[in-house]
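Below is one structure, written out as C-alpha cells; comments come after it.
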Amino acid sequence: MAASTAVRTRATDRTRATDDVRVAAPDPAYRLFDVAVRRVHRVGTSFVRVTFGGPQLPAFGAGGHDQRLKVLLPQGAFDLAQAPATDWYGWWRALPDADRPVMRTYTVRAVRPELGELDVDFVLHGVAEGHAGPASAWAARACAGDRVVLVGPSAPGTGRMWGVEWAPPAEARTLLLAADETAVPAVCAVLEQLPAGVRATALLEVPEAGDVLDVRSAADLTVEWLPRARSQGAHAHGERLVARVREVAARLVDEETAAAPAAAEDETGADEGVLWDVPEQAVASGPECLYAWLAGEAGVVKQLRRHLVSEVGVPRASVAFMGYWREGRREGE
Ligand SMILES: Cc1cc2nc3c(=O)[nH]c(=O)nc-3n(C[C@H](O)[C@H](O)[C@H](O)COP(=O)(O)OP(=O)(O)OC[C@H]3O[C@@H](n4cnc5c(N)ncnc54)[C@H](O)[C@@H]3O)c2cc1C
C-alpha cells in the first residue's frame, strides 16, 4: 500500500470526471499471466465472453475503464516455462515464426481478483463467412481448459502506462462515446464506472440486433444501439455510426460557441496514417462541457473525428480517437 499512496499521476488527475478515487502506483511492469479458460458464454449474436482464470490473476493490475491487455495464443513448440520474468516482448519477438504466439489486443471487460478471474468479450468477426482472424477463430471454438497467456500490468493504476486511455478532463459534463463492436466492451466498462451527475451518450454500431447488451450506469445515460443487420446486407460498416454521430453532434454542439473548424489538417491529408490520438491535456468544450471518445475501425473513427473537429469545430483537445482495427489488415501489419 505504501507504494500505491505515494504518487498521484497526471493521468489519474485527468480522470476526475469519472470520480475515480484510486491512487496510481508507480509505473507498472508488464508481465505474462498463464491462464486457462474457465467459462465461455455467448453474450450476443457476435460476442463471446471468455472467462479466464488462474492462480496468477489476482496479481493482474486492473485499472478499469477501457484498459487493454494482450492475448497470446500459443502455437508450435511455445513453452511458457521458458519465458523470462522481464523483457517478455524481446523474448516473444525472438521466437521462431512457427512457435511465436499470435498476439492480439483486447479489453479487460471485468476482473474478479478474489476469484482469480478476468473476462474478455471477443467479437466473432468473419467466423460465419469462413475468414476469421486467428483470435476470432480461437474465441469461436474456445472451451474450458484451453490455455492462453495474457499480458498486462503488474499493479493497478489509471493512465496510458496502464493501457487505460479513458481520461476525460475534470470539467467534462457531457460525454459522447461512439464505437463499433470491437470497442463495445470498452464502452460498457467505462459507462459502468461513470458517476452520477455526468451525462453520457453512447452510440454503438454492432453487426446484428442480437448484439444489444445490457449496460448500467449511475450516470444520466443514453445508449443507442445501431445494428448493421449485416445478414440482410442492410448497412456498410460505419454507415450508421457516422450518420448518427453527425445528428447527435449537431444537437450537442452550440455553433455559436464552437471553435473555428480545424479544416486544414484533413484537407491537406496531413493526418493520413494517424489512427490514434488521445489528447494529453484534454479540455471539455462549449457550454455543454463536451468530451468525445471514438473507437473502432480506423477509417471510420477518422471520419468521425474529421466531422467533429473539421466540420463542427470541436477542439482537438476534446476528442480522443482510437483505431482499434483496420479493414483488410491483420493486427500488427
Ligand atoms: C485497445 C484495443 C482494444 C480492443 N478490444 C477488443 C475487444 O474487447 N473485443 C474485440 O473483439 N476486439 C477488440 N479489439 C480489436 C481486435 O484487436 C481486432 O479486431 C483484432 O484484429 C482481432 O484479431 P483477429 O486475429 O481476429 O484478426 P486479424 O488477424 O487481426 O485480422 C484478420 C482480418 O480481419 C479483419 N478484422 C479484424 N477485426 C475485425 C472486426 N472486428 N470485424 C471485421 N473484420 C475484422 C482485419 O481487417 C483483417 O482483414 C481491440 C483493439 C484495440 C487496439
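Before we move on, is ALA229 in contact with a strand residue (DSSP E or B) (Cβ under 9 Å, 6 or more places away or on another chain) and not assigned by TED's automatic domain parsing to the domain that holds ALA135?
no
Could you list, in sequence order, all residues of the stretch 90-116 that are more than 16 Å from the ligand (Cβ to nearest atom) and within 20 Å of VAL164 (Cβ to Cβ)?
ARG112, PRO113
Could you run through the stretch 134-165 and say how many residues are assigned to a loop (DSSP other than H, G, I, E, B), touching a strand residue (DSSP E or B) at 6+ places or on another chain (Cβ under 7 Å) and crowded, with 23+ Cβ neighbours inside 10 Å?
Going through the stretch 134-165 one residue at a time, the tally reaches 1.
Mind listing whichever residues of the stretch 319-333 are in contact (Cβ under 8 Å) with a residue 40 or more places away in the chain and either in a strand (DSSP E or B) or over 18 Å from the mean Cα position of the chain (by Cα) (or both)?
Those that are in contact (Cβ under 8 Å) with a residue 40 or more places away in the chain and either in a strand (DSSP E or B) or over 18 Å from the mean Cα position of the chain (by Cα) (or both): VAL319, ALA320, PHE321, MET322, GLY323, TYR324, TRP325, ARG326.
From the set of residues in the stretch 281-319 that are among the aliphatic types (A, V, I, L, M) and within 12 Å of the ligand (Cβ to nearest atom), which is nearest to PHE122 (Cα to Cα)?
ALA295
Mind checking whether some residue in the stretch 95-110 is farther than 14 Å from LEU72 by Cβ, within 20 Å of the chain's Cα centre (by Cα) and outside any loop (DSSP other than H, G, I, E, B)?
Yes, that holds for at least one residue.
Tell me whether the stretch 162-176 contains one or more residues that are over 23 Å from CYS289 (Cβ atoms), modelled with pLDDT under 95 and within 14 Å of the ligand (Cβ to nearest atom).
Yes, that holds for at least one residue.
Just to be sure before I move on: is PRO156 touching a helix residue (DSSP H, G or I) at 6+ places or on another chain (Cβ under 9 Å) and either in contact (Cβ under 8 Å) with a residue 24 or more places away in the chain or more than 13 Å from the ligand (Cβ to nearest atom) (or both) in the structure I sent?
In short, yes.
Any residue that is in contact (Cβ under 8 Å) with a residue 40 or more places away in the chain and crowded, with 16+ Cβ neighbours inside 10 Å - is there at least one of those in the stretch 84-94?
yes
So, of the residues in the stretch 192-231 that are over 20 Å from VAL300 (Cα atoms), not β-branched (Val, Ile, Thr) and not in a loop (DSSP other than H, G, I, E, B), which turns out to be modelled with the lowest pLDDT?
Filtering first and then ranking leaves SER231.
Quick check on the stretch 112-124. Is at least one of its residues part of a strand (DSSP E or B) and surrounded by fewer than 18 Cβ atoms within 10 Å (Cβ to Cβ)?
Yes, the stretch 112-124 contains a residue that is part of a strand (DSSP E or B) and surrounded by fewer than 18 Cβ atoms within 10 Å (Cβ to Cβ).
Being over 19 Å from PRO279 (Cα atoms) and among the charged types (D, E, K, R) is the filter here, so list the residues in the stretch 166-202 that pass it.
Listed by number, the residues that qualify are ASP180, GLU181, GLU192, ARG199.
The values are calculated or read from the model by the stated rules, or taken from the named source; none is laboratory data. Quick caveat: nothing in here was measured; it's all calculated off a predicted structure. Glycine gets a Cβ as well: all are built from the backbone with ideal geometry, and neighbour counts include every protein chain shown.
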